[in-house]
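Presented below is the structure to which this report refers.
The values are calculated or read from the model by the stated rules, or taken from the named source; none is laboratory data. If you're wondering where the values come from, they're calculated on a predicted model, not measured in any experiment. Don't worry about glycine lacking a Cβ; one is built from the backbone with ideal geometry, like all the others, and counts go over all protein chains shown. Quick note on the areas: whole protein, heavy atoms, side chains included, nothing else; ligands and nucleic acids left out. Shrake-Rupley method; radii C 1.70, N 1.55, O 1.52, S 1.80 Å.
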Amino acid sequence: MTSPARPGHRIDLHTHSTASDGTLTPAELVRAAADAGLDVVAITDHDTTAGWAPALAALPPGLRLVRGAEISCRWFGAEPAVPLHLLAYLFDPAHPDLVAELARVRRARLERGERIVDLLRADGIDVSWPEILAAAAGGTVGRPHIAQALIRAGLVGSTSEAFGPDWLGERYRLPKEDIDVFHAVRLVRAAGGVPVFAHPRATRRGRVVPDELIVELAAAGLAGLEADHEDHSPQERAHVRALAAELGLLVTGSSDFHGTHKTVRLGAFTTAPEAYERIVAAASGVTGVASG
Ligand code: AMP
Ligand code: FE
Ligand code: FE
Ligand code: ZN
């Protein structure tokens, strides 16, 4: 294992590569993380671990890689169910039940992506599913890939415009077949991983879950909350911190970097070394933190 993180270390625990909806390959991502002056970076692609091996193979000297994923979840306690994201760190990537669930979600994303394209085409909007699939190049398919097709067609000017209510944000938004969030928390723990609720108060993304759910998730094994994130207002960050303190949960901050699919830069928000050490200490998956 690696030596402990020191005060002043820069730690970014939430980033995406071309293994999902980011625009840098895993190798480019770790090089960019080193160039950005990070000491620790986590690769957390949506519903996949496919970026782990290429990121590891390209790890620059001195950079530590936390292998993770961002799992598409849903809370069924409201009608309609609320989608949410669970970051999972240092879990066993071969845990059979977790592997099966992630594969199921990725398949469902493919079907849903094609149905969204069908809806667009039925309205005379010229986007091509084979072209979108080709551009995703085997990575987990998401609405950002469809957003790129809308941009290429000259229908919107930016990803954020493509996520507006007239497009993928509402009119052409279809639900995914996500994992029940309690099941996901237990699966991640069963695989030796550490689950952290991503951007839990991001009201600008849509509906958020009540604090009572976070209390229940903490009892079910949730380890932490992501507080510092660009989709949280200062008030939302403070609220998340206070809730975490009350429940004894660790707090993270991260960029949620997606390359050119978003404007945020690597290291724009970071995690304190103490919180990172708690994650490492709580993990018992087969994979430790790798060091370049
Ligand atoms: P999906 O996973 O297919 O539901 O798409 C959600 C993904 O789209 C998130 O992981 C973000 O990367 C991206 N996203 C969500 N909301 C926005 C937004 N308002 N602007 C740009 N990207 C967004
Ligand atoms: Fe994303
Ligand atoms: Fe997310
Ligand atoms: Zn993310």
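Would you be able to tell me the number of residues in the stretch 66-84 that are of a type outside the set (A, V, I, L, M), farther than 24 Å from residue 282 by Cβ and not in a loop (DSSP other than H, G, I, E, B)?
Adding up the residues that qualify gives 2.
Would you be able to tell me the number of residues in the stretch 199-242 that are of a type in the set (S, T, N, Q) and either in contact with a Cys (Cβ under 9 Å, 6 or more places away or on another chain) or open to solvent by 30 Å² or more (accessible area, probe 1.4 Å) (or both)?
Within the stretch 199-242, residues that are of a type in the set (S, T, N, Q) and either in contact with a Cys (Cβ under 9 Å, 6 or more places away or on another chain) or open to solvent by 30 Å² or more (accessible area, probe 1.4 Å) (or both) number 2.
Name the single residue that is surrounded by the most Cβ atoms within 10 Å (Cβ to Cβ) among those in the stretch 120-141 being closer than 18 Å to residue 154 by Cβ and β-branched (Val, Ile, Thr).
Only one residue tops the list, namely 132.
With 189, 171 as the choices, which residue is away from ligand 2 (no atom under 16 Å from the Cβ) and not in a loop (DSSP other than H, G, I, E, B)?
One residue alone meets the criteria, 189.
Kindly list, by first and then second residue, each pair from a residue in the stretch 174-195 that is in contact (Cβ under 8 Å) with a residue 24 or more places away in the chain to a residue that is open to solvent by 50 Å² or more (accessible area, probe 1.4 Å) and of a type in the set (Val, Ile, Thr), limited to pairs with Cβ atoms under 8 Å and residues at least 6 apart or on different chains.
Hits for this filter: 192/286.
Of all residues being part of a strand (DSSP E or B) and away from ligand 3 (no atom under 16 Å from the Cβ) in the stretch 42-65, which is most open to solvent (accessible area, probe 1.4 Å)? Just the residue, please.
For the stretch 42-65, the residue satisfying everything is 64.
Taking the stated definitions as given, is residue 223 away from ligand 4 (no atom under 16 Å from the Cβ) and under 23 Å from residue 12 (Cα atoms)?
When the stated conditions are applied, residue 223 passes them.
Taking residue 32 as the residue in question, decide whether it is within 19 Å of the chain's Cα centre (by Cα), open to solvent by less than 20 Å² (accessible area, probe 1.4 Å) and either away from ligand 1 (no atom under 16 Å from the Cβ) or of a type in the set (A, V, I, L, M, F, W, C) (or both).
In short, no.
What are the pairs, 6+ residues apart or on separate chains, where a residue within the stretch 197-215 that is β-branched (Val, Ile, Thr) has its Cβ under 9 Å from a residue that is open to solvent by 60 Å² or more (accessible area, probe 1.4 Å)?
Final answer for the pair search is 215/246.
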